[in-house]
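The values are calculated or read from the model by the stated rules, or taken from the named source; none is laboratory data. Computed from a predicted structure; not experimentally measured. Heads up, the Cβs are rebuilt from the backbone with ideal geometry, glycines too, and the neighbour counts pull from every protein chain shown. Areas reflect the complete protein model, heavy atoms only, side chains present, ligands, DNA and RNA absent. Shrake-Rupley method; radii C 1.70, N 1.55, O 1.52, S 1.80 Å.
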Amino acid sequence: GRPSPLHELPIQYADFALWQRDWLQGPILEGQLEYWRRQLDGVMQLQLPTDRPRPKVQTYRGAVETLRLGPELTEATRALGQQEGVTPFMTLLAAFQALLYRYTGQADLVVGSPIANRTRSELEGLIGFFVNSLALRTRVAGDMPFRALVQSTRRTALDAFAHQDVPFERLVEELQPARDL
């Protein structure tokens, strides 16, 4: 029964949804989709070795594995990122891709990553589900120095961020990739 102490928001989530639907069509949508078509053309499924065969009927039971990075490793990661002009996310993504390459031998890797999808300052105070997923594709060479992988990951991430406006569900609908949960 009391008035809200919060200021009235200049826009609502519905305003964003309407803006996105109106803006993301025609040449803008086609340009974004063309980037993703080129980026994800010929993607192969990751053949990650497991410690036991998959069951005939999936249970979707999972597990959690917690790993804490010590302060020394955290600082070294931060320092490397600063030297290479990349974010900690990019540094850790490159490390994860190197690990995937090591375990699979696959040089062409795609890692999915959630993003906040709040590209406009007007959206910062809004309540709503803006999250999108990006498919980050990087090619790893066996003799590639780690710093080169970090730079490749940086380019991949920045390009993907520049083309993040297409909802992931729309990409899947458009590209119809082979998928395996």
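Backbone phi angles across region 142-148, fed through the Karplus curve with coefficients 6.51, -1.76 and 1.60 (θ = phi - 60°), yield HN-Hα couplings of x, 9, 6, x, 4, 4, 5 Hz in residue order; Gly and Pro are listed as x.
Per-residue SASA remark: R139, around 130 Å² accessible (1.4 Å probe; ligands, DNA and RNA not included). Extending 7 Å from the Cα toward the beta-carbon at both L46 and V131 defines two label points whose distance is 1.7 nm. What is the percent carbon and sulfur in the accessible area of region 29-181, measuring with a 1.4 Å probe over the protein chains and ignoring ligands? Of all accessible area on region 29-181, carbon and sulfur atoms account for 55 percent.
How much accessible area per residue does region 70-181 have, in Å², with a 1.4 Å probe? With all protein chains present, region 70-181 gives 59 Å² per residue. Peptides 106-112, 46-52 ranked from most to least packed, by the mean per-residue count of other Cβ atoms within 10 Å: 106-112, 46-52. Whole-Hz Karplus values for region 49-62 come out as x, 10, 7, 7, x, 5, x, 4, 10, 5, 9, 6, 6, x Hz, taken residue by residue from phi with 6.51 cos²θ - 1.76 cosθ + 1.60 and θ = phi - 60°; glycine and proline positions read x. With the highest mean first, a sort of the peptides 84-95, 17-28 on other beta-carbon atoms found within 10 angstrom per residue produces 84-95, 17-28.
Dividing the summed -39500 (n - 2.57) terms of all DSSP H runs of n ≥ 4 by the residue count of the chain sets its mean residue ellipticity at 222 nm at -14500 deg cm²/dmol.
What is the packing order of peptides 72-79, 30-37, 57-64, taking the mean over residues of other C-beta atoms within 10 Å and listing the highest first? Walk me through the numbers on the way to the answer.
Values: 72-79: 11.6, 30-37: 14.6, 57-64: 5.5.
Put in order of decreasing packing, that is 30-37, 72-79, 57-64.
Once you reduce region 49-114 and region 1-48 to the center of their Cα atoms, the two points are 26 Å from each other.
Can you give the alpha-carbon Rg of region 15-106 over 2.2 N^0.38 Å, where N counts its residues? Present the calculation step by step, with values, prior to reporting the outcome.
On the way: Rg = 19.8 Å, N = 92, 2.2 N^0.38 = 12.3 Å.
That works out to 1.62 for region 15-106.
Treating each Cα of the chain as an identical point scatterer and summing with the Debye formula, the log10 of I(q)/I(0) at q = 0.19 Å⁻¹ comes to -1.37.
For region 107-157, just say rounded, prolate or oblate: build the C-alpha gyration tensor, square-root its eigenvalues into a ≥ b ≥ c, call rounded for a/c under 1.5, and beyond that prolate if a/b exceeds b/c, oblate if not.
Details: a/c = 5.38, a/b = 2.69, b/c = 2.00.
Prolate, because a/c is 1.5 or more and a/b exceeds b/c.
For a paramagnetic label modelled on T66 (point 7 Å from Cα along Cα→Cβ), amide N atoms under 12 Å away are absent within region 79-122.
Given a cut-off of under 8 Å on Cα pairs at least six residues apart, what relative contact order in percent is computed for the chain? Numbers along the way, then the final one.
Values: 136 pairs, mean separation 49.0, N = 181.
Reported as a whole number, the value is 27 percent.
In this simple spin-label model, placing a label point 7 Å from the Cα along the Cα-to-Cβ direction at both D108 and E122 gives a separation of 4.1 nm.
Taking every alpha-carbon pair in region 42-90 and binning the separations at 5 Å intervals from zero gives 5, 13, 12, 14, 11, 15, 16, 9, 5, 1 percent.
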